[in-house]
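Engineer: Below are the structure tokens for one structure; questions will follow.
The values are calculated or read from the model by the stated rules, or taken from the named source; none is laboratory data. This is a predicted model, so every value here is computed, not measured. Cβ sites come from the backbone with ideal geometry, for glycine too, and all protein chains shown count toward neighbours.
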Amino acid sequence: MSAAREGAPASWEVFLRARRGLAHQHVGSVRAAGPDAALAAARDLYTRRGEPLSLWVVRSDALHTASPDERDPYFAGARHKPYRYPEHYAPLTEKGPEGEHHA
Amino acid sequence: MSTTRDVTAVPPGSPPGGPPSAADPDLARHLTCLGDDALVLAQRLCQWITRAPTIDEDLALSNIALDLIGHARTLLSRAGRLDGTGRSEDDLAYTRSEREFTNTLLTELPNGDFAVTVARQLAYTHYAVLHYQTLAHSADPELAAFGVRAAKEVAFHRLHADRWTVTLGRGTPESTRRMQRALERVWPYTGELFEEDDVARRLAASGTVPSPAALHDTWLARVTEVVTEAGLAVPAPTWSATGGRSGLHTEEFGPLIAELQSVRRQFPGGTW
Amino acid sequence: MTAPTTNPATEDSATAPDEEELLAHFDALIADGETIEPRDWMPDGYRRMLVRQIAQHAHSEIIGMQPEGAWLTRAPSLHRKSVLLAKVQDEAGHGLYLYSAAETLGVDRADLLDALHHGRQRASATFNHPALTWADTGAIAWLTDGAAVINQAPLCRTSYGPYARAMRRVCQEEAFHVRQGYDLMRALCEGTSEQREMAQDAVNRWWLPAVALMFGPPDTEAGGADARTAALGAAVSRRAMAWGIKRHTNDELRQRFVDTCVPQAERLGLTLPDPAIRWNEERGHYDFTPVDWDTYRRALGDDTHWARQRIAHRLAAHEDGAWVREAAVAYAARTDEPAGAAA
């Protein structure tokens, strides 16, 4: 019987804001039957030290994801557009590619 | 050092009020009652660890027990400073005989199944929230600061108890039956939390500690709300247990205290 | 994160990369010291080795709660009681971090626990020893957690991302365990002669489990006389190291542990129960008696009192709690959006 199994039935991803100024960061997952139980489990598991500011739980199967190694079209273009990066351009302290440094 | 004291017959003592810097046996005795409640309940919760329904619950119950031990330490060490004996928290926890402990019988009840533990947590945590929220306004600054901290901690314990009461009450037919039976088992022992003697009344009148009796009606309203949400009935017990506050305990209490103190008693003069 | 779900975007790609190409890419990531993440392609053997190792580690944390947990009600001061409770609680937490990491490989915590309960997977045999006195809680923390820290520190850089991240949390917390264990032992050593005797007795019994079982069988020539065991161990270790799951041999870590412990024991005034322990100037390490693995294998068997006891205790908790878990599922199904698990 599935209910008698430990950790059934649902998995929840846990996100924690450890300090002010930081985004919520994924820290792991918990198993719990419902959202309140998931939040309580996440609190007991992931906040035993420090004084985190906030906690999110999201059902794992509710996350729709894409990741770089799937050879899908999601990320293929990102690396090949150098003009998106500041390094593509001359620093503001220079006149141009062949300019001289200001002293 | 430990002779059995008759805790019901403390002579009318020091005038209450103000932060007591010197000996205050009345306040010491009152804080010992509260500290013993926390210590004994923590000891019962410790018995769950590695035996809980899930590993997550091992974690949850140990978190609660850890907070309760913290409360016991604060309360007992303060009591030791106030009672004129200079006893430490450990002296009080480990060298008193079972007749000298003044916890309520509720806290020492054997764990039973998980539902009984949840029912006891429900009764105790709702009481503790009210108690510490009031203590946070104590005229004694040290107790007030402790009340602020403890109120936050027991508020989380209360959420835990509420959640399980409702979950078990509205879970399966078996869990509903067990939860109702657990409430019936525990309820006769809840009245003792609200008992007060002359000393408690005097201390409460001076604004040092909450009046236990005054918390009862709000407590009942709040637990009734949770029990009702759980689809269960608030028991109407025909009897009410008493005796813990005067050191008259259940037979199960002796082994609990013997276990608590066994290592320390085995090594007289030891350092830990 | 749980079992990776297939992204629809990959399913209709007409030319699925062949396994050789995937393997080359995987090997290149490992060679570059990059981490492998849950939805990356990985060889079956890598996945299996990880599941086995992470599950065994998680089980060891959960079973490891028992010997110390038995002393929670008897801790001899309220401070020690708090500390022990925090430690046993951390062990539950570590078990859960690790089950969570294992779940990213497409297995389920429930299945792993099932495997533990029914003997298909095991916890470390270290905890198939009894904790007989209060000092055992100190010796366990100082020695076996000390061994764990040495064993586990390299795992913070293990090649599988979720495992490495779980281990970083575990290691941060284990440091407290070792220190409090040492502190507990020091208090006993500074106490009465009866307390010192209790401390020494505990060290006598926990030294070998720590030095042998916490590091696993010998896997180099340094490991001992039994060439067959060492060769077998070496093959497993080579595979694990090639995949970046393991970073050092068992024997290397074992030596590191002995080198760390000997001076600590001297400071405590305790004797490690191995007459062969002495400083070897030439090697720059402490010599010690190679683990007699054949003799020790008995402790690894399931047919010892304590091996059976640990599993029976765990199984009893699991079975006693079944009605509670059923209630939680039934309640969630009634109140929330459908709570049926995604397989």
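Engineer: Is there any pair linking a residue in the stretch C:65-77 that is more than 7 Å from chain B (Cβ to nearest Cβ) and of a type in the set (D, E, K, R) to one that is surrounded by fewer than 23 Cβ atoms within 10 Å (Cβ to Cβ) and in a loop (DSSP other than H, G, I, E, B), with Cβ under 9 Å and at least six apart or on different chains, and which?
Structural biologist: Pairs that qualify, where the first residue is more than 7 Å from chain B (Cβ to nearest Cβ) and of a type in the set (D, E, K, R) and the partner is surrounded by fewer than 23 Cβ atoms within 10 Å (Cβ to Cβ) and in a loop (DSSP other than H, G, I, E, B), are C:Glu68/C:Ala131.
Engineer: Still on this structure: Can you spot a residue in the stretch C:309-329 that is surrounded by fewer than 20 Cβ atoms within 10 Å (Cβ to Cβ), away from chain B (no Cβ under 14 Å) and either out of contact with any helix residue (DSSP H, G or I) (no Cβ under 6 Å at 6 or more places or on another chain) or modelled with pLDDT under 90 (or both)?
Structural biologist: There is no residue in the stretch C:309-329 that is surrounded by fewer than 20 Cβ atoms within 10 Å (Cβ to Cβ), away from chain B (no Cβ under 14 Å) and either out of contact with any helix residue (DSSP H, G or I) (no Cβ under 6 Å at 6 or more places or on another chain) or modelled with pLDDT under 90 (or both).
Engineer: Shifting gears a bit: If you scan the stretch B:164-212, which residues turn out to be free of Cβ contacts under 8 Å to residues at least 40 places away in the same chain and either surrounded by fewer than 24 Cβ atoms within 10 Å (Cβ to Cβ) or within 26 Å of B:Ala145 (Cβ to Cβ) (or both)?
Structural biologist: B:Thr172, B:Pro173, B:Glu174, B:Arg177, B:Glu196, B:Arg201, B:Ala204, B:Ser211
Engineer: Only one residue in B:Ala60, B:Ala65, B:Ala79 is in contact (Cβ under 8 Å) with a residue 60 or more places away in the chain and either in a helix (DSSP H, G or I) or under 26 Å from B:Glu174 (Cα atoms) (or both). Which one?
Structural biologist: B:Ala60
Engineer: Okay, moving on. Looking at the stretch C:250-268, is at least one residue assigned to a loop (DSSP other than H, G, I, E, B) and over 28 Å from C:Ala164 (Cβ atoms)? Steps first, answer last, please.
Structural biologist: Of the residues in the stretch C:250-268, the ones assigned to a loop (DSSP other than H, G, I, E, B) are none.
Among the residues of the stretch C:250-268, not one is assigned to a loop (DSSP other than H, G, I, E, B) and over 28 Å from C:Ala164 (Cβ atoms), which makes the answer no.
Engineer: Among the residues of the stretch C:88-132, count how many are at pLDDT below 95, within 13 Å of the chain's Cα centre (by Cα) and either within 13 Å of chain A (Cβ to nearest Cβ) or over 22 Å from A:Arg5 (Cβ atoms) (or both).
Structural biologist: 4
Engineer: Quickly run through the stretch C:82-111 and pick out the residues that are farther than 16 Å from B:Ala60 by Cα, in contact with a Gly (Cβ under 9 Å, 6 or more places away or on another chain) and of a type in the set (A, V, I, L, M).
Structural biologist: Passing the criteria: C:Ala101, C:Ala110.
Engineer: If you don't mind, there's one more thing I want to ask. Specify which of the listed residues (B:Ala182, B:Ala79, B:Ala115, B:Ala145) is out of contact with any helix residue (DSSP H, G or I) (no Cβ under 8 Å at 6 or more places or on another chain) and either among the small types (Gly, Ala, Ser) or at pLDDT below 95 (or both). I'd like the intermediate steps shown before the answer.
Structural biologist: On the way: B:Ala182 fails: out of contact with any helix residue (DSSP H, G or I) (no Cβ under 8 Å at 6 or more places or on another chain); B:Ala79 fails: out of contact with any helix residue (DSSP H, G or I) (no Cβ under 8 Å at 6 or more places or on another chain); B:Ala115 fails: out of contact with any helix residue (DSSP H, G or I) (no Cβ under 8 Å at 6 or more places or on another chain).
None of the others qualify; the one that does is B:Ala145.
Engineer: Quick one: C:Ala58 ticks every box in (1) at the interface with chain B (Cβ under 9 Å from one of its Cβ atoms); (2) surrounded by 22 or more Cβ atoms within 10 Å (Cβ to Cβ) bar one, so which box is it?
Structural biologist: (1)
Engineer: Okay, moving on. Of these, A:Asp36, A:Asp61, which one is at the interface with another protein chain (Cβ under 7 Å from one of its Cβ atoms) and in contact (Cβ under 8 Å) with a residue 40 or more places away in the chain?
Structural biologist: Working: A:Asp36 fails: in contact (Cβ under 8 Å) with a residue 40 or more places away in the chain.
Testing whether each residue is at the interface with another protein chain (Cβ under 7 Å from one of its Cβ atoms) and in contact (Cβ under 8 Å) with a residue 40 or more places away in the chain leaves just A:Asp61.
Engineer: Scan the stretch B:261-270 and give yes if some residue there is surrounded by 13 or more Cβ atoms within 10 Å (Cβ to Cβ) and closer than 30 Å to B:Gly169 by Cβ, otherwise no.
Structural biologist: The initial filter retains those residues of the stretch B:261-270 that are surrounded by 13 or more Cβ atoms within 10 Å (Cβ to Cβ), namely B:261-267, B:270.
With closer than 30 Å to B:Gly169 by Cβ added as a condition, the list becomes none.
No, that holds for no residue.
Engineer: Now a separate question. Regarding C:Ala222, is this residue more than 27 Å from C:Glu34 (Cα to Cα), of a type in the set (Gly, Ala, Ser), in contact with an Asp or Glu (Cβ under 7 Å, 6 or more places away or on another chain) and surrounded by fewer than 22 Cβ atoms within 10 Å (Cβ to Cβ)?
Structural biologist: On the way: more than 27 Å from C:Glu34 (Cα to Cα): yes; of a type in the set (Gly, Ala, Ser): yes; in contact with an Asp or Glu (Cβ under 7 Å, 6 or more places away or on another chain): yes; surrounded by fewer than 22 Cβ atoms within 10 Å (Cβ to Cβ): yes.
Yes.
Engineer: Exactly one of (1) assigned to a helix (DSSP H, G or I); (2) of a type in the set (Lys, Arg); (3) closer than 25 Å to C:Leu84 by Cβ is unmet by B:Arg51. Its number?
Structural biologist: (1)
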